[in-house]
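Here's the structure we're looking at; comments come further down.
What follows is calculated from the coordinates using simple rules that are stated; it is not laboratory data. Keep in mind the model is a prediction, meaning the values are calculated, not measured. Using ideal geometry, Cβ is built from the backbone for each residue, glycine included, and neighbour counts are taken over all protein chains shown.
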Amino acid sequence: MSQRPLSGVRVLDLTNVLAGPYCSYQLMLLGAEVVKIEVPGQGDLARHLGPDAELNRSGLGASFLAQNAGKKSIEVDLKDAADRADFEDMVRGADVLLENFRAGVLARLGFGWPRLRELNPGLVYCAISGFGQTGPMSQAPAYDQIIQGLSGMMSITGTKETAPLRIGFPVCDTVGGLTAALHIAAALAGRARTGQGTFLDVSMLESAVSSMGWAVSNYLVSGVPPEPMGTQNATAAPSGTFEAADGPLNIAANRQQQFETLCALIDRPDLPGDPRFTDRELRKLHREELTEELNRALRRRTAEEWERILGPAGVPAARVATVPQAVELEQLAHRGFFTELPFPDGSGRVLKVAGGGVLHDGEPLRPTAAPPLLGEQNSERGALRNRWSGSEDNAVTS
C-alpha cells in the first residue's frame, strides 16, 4: 500500500521483553517510526531470551527477534546529563512515548507525566504495567505468569484434576500489548481533533480480566463461577476436542442445524432424536454421553478427512495442530502472514517473522527491516535528535 495508517507517527519505545515491544511492533506494522531507547551495553532483556544460547549471548535472542523487526535502536542513559538532554529533544518531537517500567520509575528519573506534557503538550504517553499506576498493588512486580494466576485464567485452564494450568504462551503480555496499541491509536485519532496529548495507564491485570469475557460476565451476571473443562467449551455441546482415527479433532457444532448436519455426516442420524440430546441445554447436561457416542463414529476417519467433510457442510471442524504444523498452514502462506528478512548479524541467514493478522486493502503489513543490533542507529542519533527536536511540527497534530 502507498501509505500506512500511522505513517509519519514517531514512537519512542522504552519497553522491554514482550508487552511493550509487542505493542510497538503493531504500531510499526501500521507505519509508525519506532525508535527503541535502550540501556547502553544491556538493551532490551529479550535480547538474551530464547531457546538458542548462542543467539542469547549475541544479544539477538529469538524472543527479541520476534517483536522488533522494523525498529531502530539507540542507546541512551537517562542518568547521564547529555543523554537526558538528547532524550528531551526527542520527546519534544515524538508523537508517542511507550514504557513498561514498574509504576513510578520513569517519574523518579525525572520524566513523569507533568514533565513530559511540559516538553510536548501533544504527546501520547502510554505506560504499561502489571497492575496500573495507582492502587494497592501498583508497586508489586509482575510478569505474565503472575497475571495469568491472579486474573483467574489459570483456575479455568485444564481439567478439574489438572487445573490450575498456565496457558502455553504469554497471553497476558500479548493482550496487554494489544490493549495498549488500540488505545494509542485511539489517542492519536483524538489528538487529531483536539491537539492535546493523553496519558494512557494500561493495566495488564485489567486487560487480562477484560479479555476473559464470558468467563467473567457469567459470574458477574448469573453468579455462576466458571470451572475448568479441559478441551470442552462450556457454552455448547458438542463443542470441544474429539477423537479421530489418528488424533484429536476440534468440532464446534454450536447451533442446532450444525449438530444435526454433523450427526448425518458421521452416520448417526439417530442422535438428534435421542431424548438426551434434543436441544442445547440437554446436550450440555449429557455432554459426556454425547462425546462418547460421537467419538465412536469419528474414530472411523482421520482428523484431516473429517475436516474436509465437515467444514464445507457448515460444521466448524479442524485438526489440532502443533506449532510447527500451524506455521506451515497453506492459509497463512496465501495471506502473506510471514515475512522473510535478512538476519541482523549479517550471517546471510533468513529470519521469518509474523505479521499483524490484518490485510489493508488486500495487502499484509510487513516489516521492512530486520530487528536492530543494540545501538545500531547510534551514529544517527544527532540527526534523529535534530529531526525530532521540535524544529519540525509533530507528524500528527490537529
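What FRET efficiency would be calculated for the residue pair R268, R308, taking the C-beta separation as r and a Förster radius of 22 Å, to the nearest 0.05? Walk me through the numbers before you get to the answer.
Numbers: r = 19 Å, r/R0 = 0.85.
In this case the efficiency is close to 0.75.
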Write down the radius of gyration of region 212-281 and its Dmax, each obtained from C-alpha positions, in Å.
-> 14.3, 41
Quick numbers on region 255-315, Rg and Dmax over C-alpha atoms in Å, give 11.3, 31
Which aspartates and glutamates, on any chain, are close to K79 with Cα under 18 Å apart, when same-chain ones fewer than 8 places away are left out?
-> D13, E38, D44, E88, D89, E99
Once a ≥ b ≥ c are taken as the square roots of the eigenvalues of the Cα gyration tensor of region 1-72, is the result rounded (a/c under 1.5), prolate (a/b larger than b/c) or oblate (a/b not larger than b/c)?
-> prolate
Principal-axis tilt of helix 81-93 within the chain, Cα atoms, nearest 10 degrees = 60 degrees
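So if R0 is 41 Å, what FRET efficiency would A189 and A53 give, r being the distance between their Cβ atoms, rounded to the nearest 0.05? The partial results should precede the final answer.
Details: r = 44 Å, r/R0 = 1.07.
Plugging the Cβ-Cβ distance into 1/(1 + (r/R0)^6) gives 0.40.
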So which lysines can K72 reach, going by Cα to Cα under 25 Å and dropping same-chain residues fewer than 8 places off?
-> K36, K352
Could you calculate the FRET efficiency of V216 with S379 from 1/(1 + (r/R0)^6), where r is the beta carbon distance between them and R0 is 51 Å, rounded to 0.05?
-> 0.55
Ordering of 222-232, 183-193 by packing [mean C-beta count within 10 Å, highest first] = 183-193, 222-232
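Using the per-residue mean of other Cβ atoms lying within 10 Å as a proxy for protection, in what order, highest first, do the peptides 267-274, 60-67, 235-242, 315-322 fall?
Numbers: 267-274: 13.8, 60-67: 22.2, 235-242: 20.2, 315-322: 17.1.
Result, highest mean Cβ count within 10 Å first: 60-67, 235-242, 315-322, 267-274.
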With the dipole of the chain defined by +1 on each Lys or Arg Cβ and -1 on each Asp or Glu Cβ, the option from F259, L282, S151 whose Cα lies farthest towards the positive pole is S151
Could you let me know the centre-to-centre spacing of region 40-61 and region 246-320, using Cα atoms, in angstrom?
-> 47 Å
For the chain, longest principal axis from Cα atoms; helix 19-29 axis from its Cα atoms; angle between them, nearest 10 degrees, is 80 degrees
Note down the nm distance, to one decimal, between modelled labels 7 Å out along Cα→Cβ at K352 and at R166.
-> 2.6 nm
The set of residues whose placed amide H lies less than 5 Å from the amide H of A369, leaving out same-chain residues fewer than 5 positions away, is G70
